[in-house]
Amino acid sequence: MTYQPVPLEFHRLPADEALAASRELLRKMRTRRTVRDFSPEPVPFELIENAIRLAGSAPSGANQQPWRFVVVQDADLKRRIRLAAEAEEHESYQHRMPPDWLDALAPLGTSWEKPFLETAPCLIVVFRLDYGLDGDRKIKHYYVQESAGIAAGFLLAALHLSGLATLTHTPSPMGFLTEILERPRNERPFLLIPVGYPVADAVVPAITKKPLEEILLCR
Ligand code: IYR
C-alpha cells in the first residue's frame, strides 16, 4: 500500500475548556480501582462493544492492530476458564512464585482462588497477534507488546468511564485460554479482564499511587 495523506480532523479546544476537561478526566480516572468482588448482574452489551471499538482505535506498530478481543459470557466457558486458571494459580502460589514475589503481592490480598471468573457477567480476553496470517503465509508484526498494552489501557479507561468495574488479571501461564477459546496459533493470550458491577459491599486494598513528584521529571 502507498502513502495517501488526508486532511487531519483536529478539534482545537479553547484553553479554559482544555483545562476543565483535563481536570474532569483526571478526577474521573482517579476513581478507577481494580475490583475483585463482582456482582453477577449483566452489563449492557453496547458498553462492551463501544469500549472494544475505542480500544481498537489505539495506535499500533505499522497500524497492524495486533489484537483480538474475545468476550465470554457463557456460564460453561467461564467455569472452564475459572477451573483452568485456578489450577495454574494454585501451582504458582504454592510452588512457582518465590517468597519475594508473594511478599510483593501481600498488600493486594490475592490468592489462587478466582471466583470472579465465574461471577463477573463478562470476561474480555485480550489476545495479542504475534504475527498475521494470510492463508498459510506469516506476516511479521511490529511492536506487538507495546501495541496490545496501549489498546488494553484504552479498554480499561473506556470501561471505567462507562461506569463498569474491571480487573486486570494475568493467570500464568495463560495457554489454557488459547485452547478453551479455540484461537489460532498466532494469537497469544495477553490479559484477562473480568468486567461488571461490584457487589454492594465490595472492598479494595488500601493502596495508593505515587505522587506526581515521584513520577514526573522535567528537564
Ligand atoms: N497472577 C496471579 C498473581 C498476581 C501477580 C501480580 I504481579 C499481581 O499484580 C496480582 C496477582 C493472580 O492473579 O493472582
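Would you mind working out the magnitude of the charge dipole of the range 24-157 relative to its Cα centre, with +1 at each Lys and Arg C-beta and -1 at each Asp and Glu C-beta, to the nearest 20 Debye?
420
When only DSSP loop residues count, what trypsin sites (Lys or Arg not before Pro) in the range 1-97 have their Cβ near at most 14 other Cβ atoms within 10 Å? Walk me through the numbers before you get to the answer.
Details: sites: ARG12, ARG23, ARG27, LYS28, ARG30, ARG32, ARG33, ARG36, ARG53, ARG68, LYS78, ARG79, ARG80, ARG82, ARG96; in loops: ARG12, ARG30, ARG32, ARG33, ARG36.
Qualifying residues, ordered by number: ARG12, ARG30, ARG32.
Along the charge dipole of the chain, which of LEU192, PRO121, TYR142 sits closest to the positive end, that is, farthest toward it, with unit charges on the beta carbon of Lys, Arg, Asp and Glu (+1, +1, -1, -1)?
TYR142
Distance from a point 7 Å along Cα→Cβ of ASP76 to each backbone N in the range 161-187: keep the residues under 16 Å and list them by number.
Zone members listed by number: 180-182.
Using the Karplus curve 6.51 cos²θ - 1.76 cosθ + 1.60 with θ = phi - 60°, work out ³J(HN,Hα) for each residue of the range 60-66 in order, rounded to whole Hz, and write x for Gly and Pro.
Calculated HN-Hα couplings, in order: 8, x, 6, 6, 7, 6, x Hz.
No solvent, one uniform scatterer per C-alpha: report log10 I(q)/I(0) for the chain via the Debye equation at q = 0.08, 0.16, 0.18 1/Å, two decimals.
Taken in order of the listed q values, log10 I(q)/I(0) reads -0.35, -1.28, -1.48.
Hey, which lysines would be in cross-link range of LYS78, C-alpha to C-alpha under 29 Å, not counting anything within fewer than 8 residues on its own chain?
Within the straight-line cut-off, LYS78 pairs with LYS114.
With a cut-off of at most 16 other beta carbons within 10 Å, and DSSP calling the residue loop, which GluC sites (Glu not before Pro) in the range 1-63 qualify? Please list them.
Filter output for the range 1-63: GLU9.
Could you pull out the GluC sites (Glu not before Pro) across the range 118-219 that fall in loop regions by DSSP (anything but H, G, I, E, B) with no more than 16 other Cβ atoms inside 10 Å? Intermediate values should be presented prior to the final figure.
On the way: sites: GLU118, GLU146, GLU179, GLU182, GLU187, GLU213, GLU214; in loops: GLU182.
Taking the range 118-219 and a limit of 16 other Cβ atoms within 10 Å, the loop GluC sites (Glu not before Pro) found are GLU182.
A short reminder: the numbers here are calculations on the coordinates, not readings from a lab. A quick note: this is a predicted structure, and the numbers were derived from the prediction, not measured. When we count neighbours, we look across all protein chains shown, and the Cβ atoms used for this are built from the backbone with ideal geometry, even at glycine.
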